[in-house]
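Contents: one structure, followed by commentary.
The values are calculated or read from the model by the stated rules, or taken from the named source; none is laboratory data. It should be emphasised that the depicted structure is a prediction, and the values quoted were computed from it without experimental measurement. Neighbour counts are summed over all protein chains in view; Cβ atoms, including those assigned to glycine, are modelled from backbone coordinates with ideal geometry.
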C-alpha cells in the first residue's frame, strides 16, 4: 500500500449496488473488500487532483509547474498529461519565464559542453 502513515477512521454509507461491485472486484482481484476500497479511494483522489490541476491550468489560473504541484505529480508528468489531454493555454512572457526557471531547476550541470535533462520523478 502507501507505506506506514497515521490512519483516520472513515465510515461511509454506500448504496448496495456499489457494495456488490466492490465485492465482485475484490473477489476477482483476490483482495479483501476493504483493501480494494482503499486502493480505489487513493486512485480517485489522485485522479480528482489531476482534473482540478488541469482545469485550473486550462482556465489560466495556474502555471504548469503549479498544476503539477496541485496534482501531486512531477512537472514532466504534468507536461505529458497536458499534452495527452490536448489542453491549451496561452500565457504571458513572464509566466513562460517562470515555467522555464522551474524546468531549469531539474537540468544537470553540463559536462564537457553538453546539457542533460534529468527527470525528477
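A quick yes/no check of all residues on (1) within 21 Å of the chain's Cα centre (by Cα); (2) surrounded by 14 or more Cβ atoms within 10 Å (Cβ to Cβ); (3) modelled with pLDDT of 90 or more:
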site: 15; (1), (2), (3): no, no, yes
site: 29; (1), (2), (3): no, no, yes
site: 41; (1), (2), (3): yes, no, yes
site: 57; (1), (2), (3): yes, yes, yes
site: 60; (1), (2), (3): yes, no, no
site: 65; (1), (2), (3): yes, yes, no
site: 77; (1), (2), (3): yes, yes, yes
site: 81; (1), (2), (3): yes, yes, yes
site: 116; (1), (2), (3): no, no, no
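Considering the conditions (1) exposed (fewer than 11 other Cβ atoms within 10 Å of the Cβ); (2) at pLDDT below 95; (3) more than 23 Å from the chain's Cα centre (by Cα), residue 90 is excluded by exactly one of them, (3). Against the conditions (1) under 19 Å from the mean Cα position of the chain (by Cα); (2) part of a helix (DSSP H, G or I); (3) at pLDDT below 90, residue 45 satisfies every one except (3).
A single entry from 55, 38 fulfils the requirement of being free of Cβ contacts under 8 Å to residues at least 12 places away in the same chain and in a helix (DSSP H, G or I): 55.
Just one of the numbered conditions (1) assigned to a helix (DSSP H, G or I); (2) farther than 30 Å from residue 107 by Cβ; (3) out of contact with any helix residue (DSSP H, G or I) (no Cβ under 9 Å at 6 or more places or on another chain) is not true of residue 83: (2).
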